Amino acid sequence: MAAAAAGLALTLAGCGVVSAFPQPQSLPGDLFTASRQSDAAPAGFHDDVERTSCGDVRLGQGELLPSDAASCMNAAIGATNAELAVITPTTEGDPIVTFYRTSADSPGFELYVNGSYDRYGAGEWAHLTCPSTDISVLNGCVEDAS
């Protein structure tokens, strides 16, 4: 009986009937560069503003942002144009690339979130504005509908 069930499962999988899980994906070699060059990014992402870099950080499951990167961004809020790029894994291990950006002309910060590589998510970019003066505080962030 078990052999018959296993055979049926293999047959159905071969026919494409069993496809509840997304297939493995091929990722670009450099997710930071690929995201920065993405045509799918919101229009405001590709502006011509020069920004000080607070780094490109790749975090593992459960890892926290290094304090020097957070301090760099927090010091830039309302004072300097700066950017911090962070890759974090979803629960399933797919990469989410988030760009934290500040502007010398406005309080708070912006988030550009590239969810294109998340096989279980919407697969889209999001743009949020956050009123906080601390990038670890996302309360009050509002998603831009455009």
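Every number here is computed from the coordinates shown, using simple stated rules; none is lab data. On a predicted model such as this, the values are computed, not experimentally measured, just so you know. Positions of Cβ are backbone-derived with ideal geometry, glycine not excepted, and every protein chain shown enters the neighbour counts.
Could you order peptides 67-75, 106-114 by the average number of other Cβ atoms within 10 Å of their residues, highest first? Write out the running numbers ahead of the final one.
Values: 67-75: 16.6, 106-114: 19.8.
Order by mean packing, descending: 106-114, 67-75.
Which of the peptides 115-121, 87-93 is most tightly packed, and how do the rest follow, going by the mean number of other Cβ atoms within 10 Å of each residue?
Numbers: 115-121: 16.9, 87-93: 13.4.
With the highest mean Cβ count within 10 Å placed first, the list reads 115-121, 87-93.
For segment 32-109, what is the largest minus smallest coordinate of the Cα atoms on each principal axis, given in angstrom and ordered from greatest to least?
38, 31, 17
Given H placed 1.01 Å from N in the peptide plane, which residues other than close sequence neighbours of Gly108 have an amide H under 5 Å from its amide H?
Here the answer is Gly78, since their amide H atoms fall under 5 Å of that of Gly108.
How do 133-143, 34-44 rank on mean C-beta neighbours within 10 Å, highest first?
On the way: 133-143: 12.5, 34-44: 14.4.
With the highest mean Cβ count within 10 Å placed first, the list reads 34-44, 133-143.
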